[in-house]
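Since the structure comes first, as structure tokens, the remarks are kept for the end.
The values are calculated or read from the model by the stated rules, or taken from the named source; none is laboratory data. Since we're looking at a predicted model, the values are computed, not measured. Every residue, glycine among them, receives a Cβ derived from its backbone with ideal geometry; neighbour counts consider all protein chains shown. Only protein heavy atoms, including side chains, enter the accessible area calculation; ligands, DNA and RNA are left aside. Shrake-Rupley method; radii C 1.70, N 1.55, O 1.52, S 1.80 Å.
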Amino acid sequence: MPGKLAVVIPARNEADRVGDTVAAATGLPGVDLVVVVDDGSTDGTAAVAAQAGAYVVRHARNRGKAAAVATGAEAVRLFESRPAEAAVEPAGEPHHLLLLDADLAGSAAAAAPLAEPVLAGTADMTIAVFTDRVRRGGFGVVTTTAGAGIERATGWRPTQPLNGQRCLTRAAFTAALPLAAGWGLETGMSIDLIRQGMRVTEVEVPLSHRATGNDLGSQLHRLRQLAGVLRALAAREPLVLRARRLLPREAGGRDGGRTRSRKDGSGEPPPPASGDAIMSR
Ligand SMILES: Nc1nc2c(ncn2[C@@H]2O[C@H](COP(=O)(O)OP(=O)(O)OP(=O)(O)O)[C@@H](O)[C@H]2O)c(=O)[nH]1
Ligand SMILES: [Mg+2]
């Protein structure tokens with residue numbers, strides 16, 4: 001078996017969906033460990049997840065999605081070091097990590113294709129592209145900001161830059177540490193791994209999650225997402241470049257940050273062109 005899979009599910013107040021997500025994830029091929037990180041929920045999410053068969057780790061207070069994912073990955077490592085406690089077979093190889101949001105519910109059963117390139121050793125990280133498009137609120141500002149920022153930093157524009165459904169090797173996950181805080185997680189991870197030459201590919205999967213509307217709570221959620229994305233981009237874009245992007249061309253500015261992107265529609269980042277400086281953090 002080409003490596004095994006551990007599912008990490010960050011969850012905050014998902015008592016209505018996490019049980020189905022855990023049950024579906026447990027049945028995925030190659031999965032022998034499902035860890036739910038309860039990120040300071042107040043609705044009994046932890047009990048529902050444990051009832052569904054997950055190992056649950058709790059944050060006493062809400063620390064944000066990235067912290068929840070980091071805690072989950074650490075829990076998997078601990079279980080690997082004490083396999084008897086988690087009824088997992090002692091494996092020579094560390095588990096690959098399948099990151100799934102708690103609000104996928106039963107649709108998580110369709111996540112297997114996301115792991116295949118990683119299990120096959122042809123990708124270091126896969127990013128899901130949801131084929132079932134739920135009508136969402138908002139104007140796509142956060143998604144566009146993240147996509148444009150990732151393209152500026154790497155030359156590649158992901159289809160769904162904020163999609164949290166990802167599968168990574170342990171090595172890739174370690175290479176992405178420290179994770180960008182909060183909702184900057186996905187943006188930071190994509191930039192950092194592509195800059196380190198990791199093989200990142202998108203996989204279309206019929207997953208769906210809770211639609212976020214246009215009510216005040218959802219707008220605040222998007223504002224928090226936007227803040228997280230902007231922080232992750234700012235930390236990864238050298239000041240000079242950021243300054244040059246703002247300067248008019250005649251003052252030595254760059255043409256509004258447009259960069260080259262792969263035109264062959266492969267959904268994969270372009271290989272570094274000769275002379276391109278791979279800027280390490
Ligand atoms: N909202 C929220 N979710 C968290 C937090 N920590 C972990 N999560 C989990 O992170 C996952 C993604 O959160 P969602 O609220 O679904 O956000 P999203 O799907 O990325 O964003 P939208 O596409 O705008 O709905 C879910 O499993 C949440 O339960 C947190 O602090 N706030
Ligand atoms: Mg969601």
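General remarks:
- Were the residues from Asp132 through Ala235 laid out at 0.36 nm apart, the gain over their Cα-Cα distance would be 33.8 nm.
- Charge tally in the Cβ shell below 12 Å around Arg231, where Lys, Arg are +1 and Asp, Glu are -1, Arg231 excluded: +1
- For the stretch 5-253, the solvent-accessible area with a 1.4 angstrom probe is 42 square angstrom per residue.
- FRET E, pair Thr122, Thr159, Förster distance 25 Å, beta-carbon r, rounded to 0.05: 0.85
- Sequence of Trp183, Trp156 from largest to smallest accessible area, 1.4 Å probe: Trp183, Trp156
- Here the label points at Asp215 and Asp43, each 7 Å from Cα along the C-beta direction, are separated by 1.0 nm in the simple model.
- Extended-chain gain in nm, criterion 0.36 nm per residue less alpha-carbon gap, Val141 and Arg77: 19.4 nm
- Bridge orientation summary for the stretch 5-253: considering DSSP beta bridges with both residues in this region, about 20 percent are antiparallel.
- Counting only protein heavy atoms and a probe of 1.4 Å, the accessible surface of the stretch 5-253 is 57% carbon and sulfur.
- Measuring nothing but how far apart in sequence close Cα pairs (under 8 Å, 6+ apart) lie, relative to its length, the stretch 5-253 scores a relative contact order of 20 percent.
- Each label was represented as a point 7 Å from its Cα along the Cα-to-Cβ direction; for Glu93 and Thr201 these points are 1.5 nm apart.
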